[in-house]
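Structure, as structure tokens:
The values are calculated or read from the model by the stated rules, or taken from the named source; none is laboratory data. Note that this is a predicted model, so its numbers are computed, not measured. When we count neighbours, we look across all protein chains shown, and the Cβ atoms used for this are built from the backbone with ideal geometry, even at glycine. These area figures cover heavy atoms from the full protein model, side chains too; ligands, DNA and RNA do not enter into them. Shrake-Rupley method; radii C 1.70, N 1.55, O 1.52, S 1.80 Å.
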Amino acid sequence: MTGKTIYLDNNATTAVAPEVLEEMLPYLKDAYGNPSSMHTFGGRLHKKLDEARERVAALIHAEPEEIVFTSCGTESDNTAIMSALESWPTRRHVVTTRVEHPAVLNFGKHLARKGYRVTFLPVDSLGRLDLDAFHAALDEDVAVVSIMYANNETGVFFPVELLGQTLRTRDIVFHTDTVQAVGKIPIDVRRLPVDMVSISGHKLHAPKGVGALYVRKGTRFSPYIIGGHQEHSRRGGTENLASIIGFGKACELAGHHLHQEQTEVAALRDRLESELVRDCPGAAVIGDTSRRLPNTSNIGFEFVEGEAILLRLDEYGICASSGSACTSGSLEPSHVLRAMGVPFTRMHGSVRLSLSRYTTEAEIDQVIGVFPGIIRELRALSPYGR
Ligand SMILES: *Cc1c(COP(=O)(O)O)cnc(C)c1O
């Protein structure tokens, strides 16, 4: 992190923890061998691969053999869904939601174009899953249900445990994208009735370009990346060893900091959020505040453009993200906020603030100090605001 940057965009990516980088460096320098090699120079690296696998497994209470390393969260998501479809070839129905990350949402749209039936379940105005629609979607033809654990834009949780119990009785493969949840809240696959779980390194202070898919023992599996015998023939490709080692270290650290995420980080987020809502005209929290990630706040500011807020925040070195993305000149609001039916004027002024264990009290004070002034200024320019 350079100079005075205040980084509140941790749901987009996180800083690599110093301990993680330290642990990786030897494997980018002298220890560059291939863990699959017969000679000791490469072969001894297999131990490091095993150690990383144990560390990733430990964070979610899995067995090491249940962890398949991938190149990212997106690959894990694609692999899980495709594996279920290949394993149950007579079933042609995929059930997911309207608020998934593009790694699932756009893969679902791709499958629909390929002739699969794909149901995108709706959510309510607080971002909560429509359970009636979930039950109604479950027919004999469902090969896989893929529903995220926590939403990346709002932080809102889905009742994965409850959904899994239903799916167990119907013998339907259940995949959940836990990319935003792992490392922020306890995830225990011994108690979660799920078959596959996606994790991404760069959302929990490991580098970009490494992820994992948990595949429960006994789950039918079909590889997505086909090649060599790496990962017990579940994912071809020479292992990204340094990043995997860093990922393992990041998971170990995340385990040590889980309590801090749920207490200190949550307290900072709550203070930031409540002061902004109090001091900024026309501000309201978006999403169910009673069940969401401890680090995430999504606030809608009426009659202000989210992108304008981001540009002004940027002048103070504050990094956040907005619910609207400027694509080809037209402001296209986020699919998540649209699915929630957030009013137009609030949706366009939505800002996501996502903290990490590196966020300090002083940084939050600074943000609280400048934010209300920015909103008042921008509203004064708006033809609708006062
Ligand atoms: C970031 C993210 C992904 C994608 O992970 P990558 O490693 O960037 O491919 C998938 N799902 C969710 C919920 C995410 O936040």
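Applying a DSSP loop filter and a limit of 12 other Cβ atoms within 10 Å to the trypsin sites (Lys or Arg not before Pro) in region 1-108 leaves LYS4, LYS29.
List the residue ranges in the chain for DSSP H helices whose C-alpha atoms run 30 angstrom or more along the long axis and whose Kyte-Doolittle average is 0.0 or above. Those that pass (Cα extent of 30 Å or more, hydropathy at least 0.0) are 361-381.
Of the chymotrypsin sites (Phe, Trp or Tyr not before Pro) found in region 222-322, no site is in coil according to DSSP while having at most 13 other Cβ atoms within 10 Å of its Cβ. Here's how it looks for GLY211: its modeled amide H is under 5 Å from those of THR70, SER71, CYS72, GLY201, which are all 5 or more places away or on a different chain.
Taking the centroid of alpha carbons for each part, region 334-386 and region 110-167 are 28 Å apart.
Annotation: amide H of THR119 within the under-5 Å range of VAL94, VAL95, THR96, sequence separation 5 or more or interchain, hydrogens built in the peptide plane.
When shorter helices are ignored and each DSSP H run of at least 4 residues is given -39500 (n - 2.57), the per-residue value for the chain at 222 nm works out to -11500 deg cm²/dmol.
Where in region 111-166 are there trypsin sites (Lys or Arg not before Pro) that are in a DSSP coil and have at most 13 other Cβ atoms within 10 angstrom of their Cβ? The qualifying sites are LYS114. What FRET efficiency comes out for the pair GLU19/SER87, r = Cβ-Cβ distance, R0 = 41 Å, nearest 0.05? In this case the efficiency is close to 0.60. For region 18-256, the antiparallel share of DSSP beta bridges with both residues in that region comes to about 40%. Roughly to the nearest percent, how much of the accessible area of region 18-256 is carbon and sulfur, given a 1.4 Å probe? Carbon and sulfur together cover 52 percent of it. Simple point charges give the picture: +1 on the Cβ of Lys and Arg, -1 on the Cβ of Asp and Glu, and for region 99-200 a dipole about the Cα centre of about 260 debye.
Rounded to the nearest Hz, the phi-derived 3J(HN,Hα) couplings of region 282-294 under the Karplus curve 6.51 cos²θ - 1.76 cosθ + 1.60 (θ = phi - 60°) are x, 9, 8, 6, 9, x, 6, 6, 7, 9, 7, 4, x, where x marks glycine and proline.
The overall shape of the chain is oblate: from the C-alpha gyration tensor, with semi-axes ordered a ≥ b ≥ c, the ratio a/c is 1.5 or greater and a/b is no larger than b/c. Taken about its Cα centre, the chain carries a charge dipole of about 620 debye when Lys and Arg each add +1 at the Cβ and Asp and Glu each add -1 at the Cβ.
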